[in-house]
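K.L.:
This is the structure I have questions about; it appears just below.
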Amino acid sequence: MSDAALPPALDSMTLLVAAVIVHDVEAGRVLLIQRGAQAKFAAGHWDLPVGKSEKGEAVTATAVRELEEETGLAVKPEDLKVAGIIHGAWGVEAPNGFLTVVFVTPSWTGEPVNAEPHKHAQVAWVGVTKIPHEFVSTTRAALTSYLEDGPTVTVEGW
């Protein structure tokens, strides 16, 4: 069923999203993506690897899938810990709001690559003290809170 054909009750649902902080603790860095110039949302801004859940998909499975699709890194669901939750009142593809579960993992396999060059300008390791200023505000807040204080819940636009 296409989104255009969704019954009204389903059309008004909150979008479920997963983001992953890949934290190389020993090197003091995190893995970020830079959104491409043609991105629907926050073109050119930095972000965490992030994406929408598919119908019937557990949010941990979304995190694992999106991380691999965007960066080539593989992570086990059991290695994911909750680093934060973002509840937004609206979004580009979620006019009725979105809920992002931000996970962190200190372990992964593979070497990061820009696995979606049609979507992202680059994938890069960034020092935890050098987080770029041009960053999606909600995921930046979650990342900063995780690095400074631990898990948090962020509400925006309510």
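K.L.:
With θ set to phi - 60° and the Karplus curve 6.51 cos²θ - 1.76 cosθ + 1.60, what are the ³J(HN,Hα) couplings of region 78-85 in order, to the nearest whole Hz, using x for Gly and Pro?
P.N.:
6, 8, 8, 10, 6, 10, x, 9
K.L.:
Using per-residue counts of other Cβ atoms within 10 Å, averaged over each peptide, order 65-75, 119-129 from highest down.
P.N.:
Top of the packing list down: 65-75, 119-129.
K.L.:
Oh, and also: Take the eigenvalues of the Cα gyration tensor for the chain, scale each by 5, and report the square roots as semi-axes in whole Å, largest first.
P.N.:
That gives 24, 17, 16 Å for the three semi-axes.
K.L.:
Please give the peptides 108-115, 138-145 ranked by average Cβ packing (other Cβ atoms within 10 Å per residue), highest first, as a rough proxy for protection.
P.N.:
In decreasing order of mean packing, 108-115, 138-145 become 138-145, 108-115.
K.L.:
Using R₀ = 30 Å, calculate the FRET efficiency as 1/(1 + (r/R₀)^6) where r is the Cβ-Cβ separation of V126 and T14; round to 0.05.
P.N.:
Efficiency for this residue pair is about 0.50.
K.L.:
Sticking with this one: For the ranges 49-55, 76-82, what's the packing order if you count other beta-carbon atoms within 10 Å of each residue, average per peptide, and put the highest first?
P.N.:
49-55, 76-82
K.L.:
Can I ask one more? Kindly provide the helix-only [θ] at 222 nm of the chain, computed as the sum of -39,500 (n - 2.57) over DSSP H runs of four or more divided by all residues, to the nearest 500 deg cm²/dmol?
P.N.:
-5500 deg cm²/dmol
K.L.:
Mind listing the long-range amide H neighbours of G36? Cut-off is under 5 Å, sequence gap 5 or more, other chains count too, H placed in the peptide plane at 1.01 Å from N.
P.N.:
Distant-sequence amide H within range of G36: G44, H120, A121.
K.L.:
Let me ask something else about it. Less than 23 Å apart at the alpha-carbon level, and either on another chain or at least 8 residues along: which lysines does that give for K76?
P.N.:
Hits, sequence-local ones excluded: K52, K55.
K.L.:
Still on this structure, please answer the following. Could you work out how far helix 137-148 tilts from the main Cα principal axis of the chain, as a 0 to 90 degree angle to the nearest 10?
P.N.:
40 degrees
K.L.:
Now for a separate question. Show the residues, 5+ positions off or on another chain, whose built amide H is closer than 5 Å to the amide H of S53.
P.N.:
L16, V17, A18
No value in this document is a laboratory result; all are computed from the given coordinates. Everything quoted here is computed from the prediction, not taken from an experiment. All Cβ positions, glycine included, derive from the backbone under ideal geometry; neighbour counts span all protein chains shown.
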